[in-house]
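Every number here is computed from the coordinates shown, using simple stated rules; none is lab data. Since this is a predicted model, take the numbers as computed values, not measurements. Ideal geometry is used to build each Cβ from the backbone, glycine not excepted, and the neighbour counts take in all protein chains shown.
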Amino acid sequence: MDQTELTRAGRHGAVDLPNLDALWMPFTANRDFKAAPRMLVSAQGMHYRSHDGREILDGVAGLWCVNAGHGREEIVEAIARQAREMDYAPPFQMGHPVQFEAADLLAKIAPGDLTKIFFTNSGSESVDTALKIALAYHRARGEGTRTMFIGRERGYHGVGFGGISVGGMVANRKVFRGGMLPNVDHLPHTYSAEHQAFSRGQPEWGAHLADDLERLVQLHDASNIAAVIVEPMAGSTGVLVPPKGYLDKLRAICSKYGILLIFDEVISGYGRLGTPFAAQRFKVTPDIMTTAKAVNNAAVPLGAVFVREGIYDAVVNGAPSGAVEFFHGYTYSGHPLAMAAAVAAQNIYARDGLLTRVAREGLDAYWEEAMHGLRDAPHVKDIRNLGLVAGIELHSRPEAAGKRAFETFLKCYELGVLVRYTGDTIALSPPLIIKRGQIDQIADTLRRALSSVQ
């Protein structure tokens with residue numbers, strides 16, 4: 001069965017499974033999956049359809065990324081039209097109109113003066129690009145000793161060696177430690193169950209944790225530190241919402257010592273928190289911002305790094321005339337199909353008001369009530385939420401951390417809702433087009449699933 005037949009069949013009923021042998025799947029228990037596969041064969045709006053013909057409500061926007069919902073015809077048409085017109089253009093020393101159009105649209109929604117856009121192909125590449133930009137900036141200003149990066153415990157910044165070095169999730173680091181960047185330190189994470197459990201939105205406790213940056217500056221000296229990189233809202237580690245005032249303190253300390261502040265907004269960007277970016281929600285402007293995922297509704301792999309004008313000017317205008325100013329880029333930087341999808345997606349976001357819908361229509365408040373309504377459900381240890389994101393943390397089984405959340409994930413899938421789990425936390429982040437009744441469905445399904453697992 002070819003792909004067209006598979007998709008057509010998936011819209012109407014069950015399909016035969018392909019040979020599963022050759023593929024090594026990412027972040028997946030391959031043996032368990034292949035013994036009992038969960039296949040998605042088509043998608044439209046808020047729903048997937050499984051290989052066995054069931055409709056599955058998407059409670060995670062694919063993987064935090066399909067913010068406008070699935071199968072948007074404008075995006076499909078834009079990709080097809082671009083593929084017919086020009087399938088590929090080299091990004092080095094050449095350009096094509098759509099990449100400039102896409103960059104201009106992104107610059108218009110950027111916080112502050114982060115209006116210079118560098119295209120990548122993923123969040124991981126965006127992070128590595130941001131780290132390189134930070135090094136290039138300090139070198140261009142005659143401060144080449146600034147080579148250290150400060151990340152944060154429990155941070156997730158992709159899977160490149162730069163990203164796992166500044167990241168703080170142990171499972172992503174331990175096997176690869178020998179290849180990580182050596183000049184990195186970490187801030188403490190911002191979560192305390194004792195002081196923050198069941199907080200609605202931003203916790204009151206924890207702003208003081210940013211003061212640890214002062215200690216790291218005294219330890220390493222500001223003249224050696226290039227940048228601090230954090231997720232404004234940590235997603236992959238289990239939805240950790242920043243305490244009130246925490247990001248403001250980080251910004252003030254970075255500014256005090258001439259350290260660049262990088263926000264990783266791969267998850268929080270493009271309307272997830274009710275503003276175009278978390279920086280605008282928290283009213284804290286970084287120097288560099290990494291994005292990907294929803295930049296083009298995840299239709300074609302794409303990432304985008306937003307950079308302050310002063311950083312761009314220092315690197316570009318500081319180089320000799322005619323020279324390549326920044327020795328970095330990718331074969332697929334600004335790929336025509338990805339750019340066409342980005343323009344179409346950004347136009348949808350603007351036309352439908354999706355970047356602000358969560359706050360404007362009160363979806364965040366409705367979502368908060370629905371999620372915290374699960375407080376009395378079996379096994380629930382904590383609930384964290386912000387915008388259209390929630391983390392439902394479960395009590396771990398002795399000697400079996402993560403098992404209960406995995407079984408809850410499986411049960412939700414069986415009941416017709418796709419959720420995500422990380423450790424023993426169920427993570428939720430549905431498309432921004434969700435309706436209130438579908439929020440209720442997610443909450444009801446979770447309660448049923450939690451009632452059925454041990």
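Show which aspartates and glutamates lie in cross-link reach of LYS403 when reach means a straight Cα distance below 12 angstrom and same-chain residues fewer than eight apart are skipped.
ASP424
Roughly what % of DSSP beta bridges within the chain run antiparallel, to the nearest 5? Mind dumping the intermediate values first?
On the way: 32 of 48 bridges.
Roughly 65 percent of the beta bridges in the chain run antiparallel, per DSSP.
Output the peptides 137-144, 14-21 sorted from most to least packed, where packing is the average of other Cβ atoms within 10 Å over each peptide's residues.
Details: 137-144: 17.0, 14-21: 12.0.
Highest to lowest by the protection proxy: 137-144, 14-21.
Roughly what would the spin-label model give for ALA80 and GLU309, points 7 Å off Cα along C-beta, in nm?
Reported label-point gap for ALA80 and GLU309 is 4.1 nm.
Set the bar at 22 Å for Cα to Cα. Now go through LYS174/LYS249; LYS283/LYS381; LYS132/LYS244; LYS256/LYS283 and name every pair that lies beyond it. Provide the component values of the computation, followed by the final result.
Working: LYS174/LYS249 30 Å; LYS283/LYS381 31 Å; LYS132/LYS244 30 Å; LYS256/LYS283 18 Å.
Exceeds cut-off: LYS174/LYS249; LYS283/LYS381; LYS132/LYS244.
Under the Karplus relation 6.51 cos²θ - 1.76 cosθ + 1.60, θ = phi - 60°, what is the ordered set of whole-Hz ³J(HN,Hα) values for the range 190-200, x standing for Gly and Pro?
Running phi through 6.51 cos²θ - 1.76 cosθ + 1.60 with θ = phi - 60° gives 9, 9, 9, 4, 4, 9, 10, 4, 6, 5, 9 Hz.
Straight-line reach from LYS108: which aspartates and glutamates have Cα under 16 Å away, leaving out those fewer than 8 places along the same chain?
Counting by Cα, and skipping residues close in sequence, LYS108 has these aspartates and glutamates nearby: GLU309.
To the nearest 500 deg cm²/dmol, what mean residue ellipticity at 222 nm is calculated for the chain from DSSP H runs of n ≥ 4 alone, each contributing -39,500 (n - 2.57), summed and divided by the residues?
Details: 18 runs with 175 residues, N = 454.
Roughly -11000 deg cm²/dmol at 222 nm, from the helical runs in the chain.
If I take every Cα pair under 8 Å that is 6 or more residues apart in the chain, average their sequence separation and divide by the length, what percent do I get for the relative contact order? Kindly include the intermediate steps, with their values, before the conclusion.
Working: 890 pairs, mean separation 93.4, N = 454.
Normalised by residue count, the contact order of the chain is 21 percent.
Dividing the alpha-carbon radius of gyration of the range 54-132 by 2.2 N^0.38 Å (N being the number of residues), what value is obtained? Mind showing how you got there, number by number?
Details: Rg = 15.7 Å, N = 79, 2.2 N^0.38 = 11.6 Å.
That ratio works out to 1.36.
Please list, in chain and number order, the residues 5+ apart from GLU153 or on another chain whose amide H is under 5 Å from its amide H, with Hs placed from the backbone.
Hits under the 5 Å cutoff: LEU187, HIS189.
Stokes-Einstein diffusion coefficient for the chain at 25 °C in a medium of 0.890 mPa s, Rh from the Kirkwood formula over Cα pairs: what value in µm²/s? Provide the component values of the computation, followed by the final result.
On the way: Rh = 22.8 Å.
Calculated translational D: 108 µm²/s.
Can you figure out the FRET efficiency of PHE198 with LEU17, using R₀ = 45 Å and their beta-carbon distance, to the nearest 0.05?
Working: r = 42 Å, r/R0 = 0.93.
Plugging the Cβ-Cβ distance into 1/(1 + (r/R0)^6) gives 0.60.
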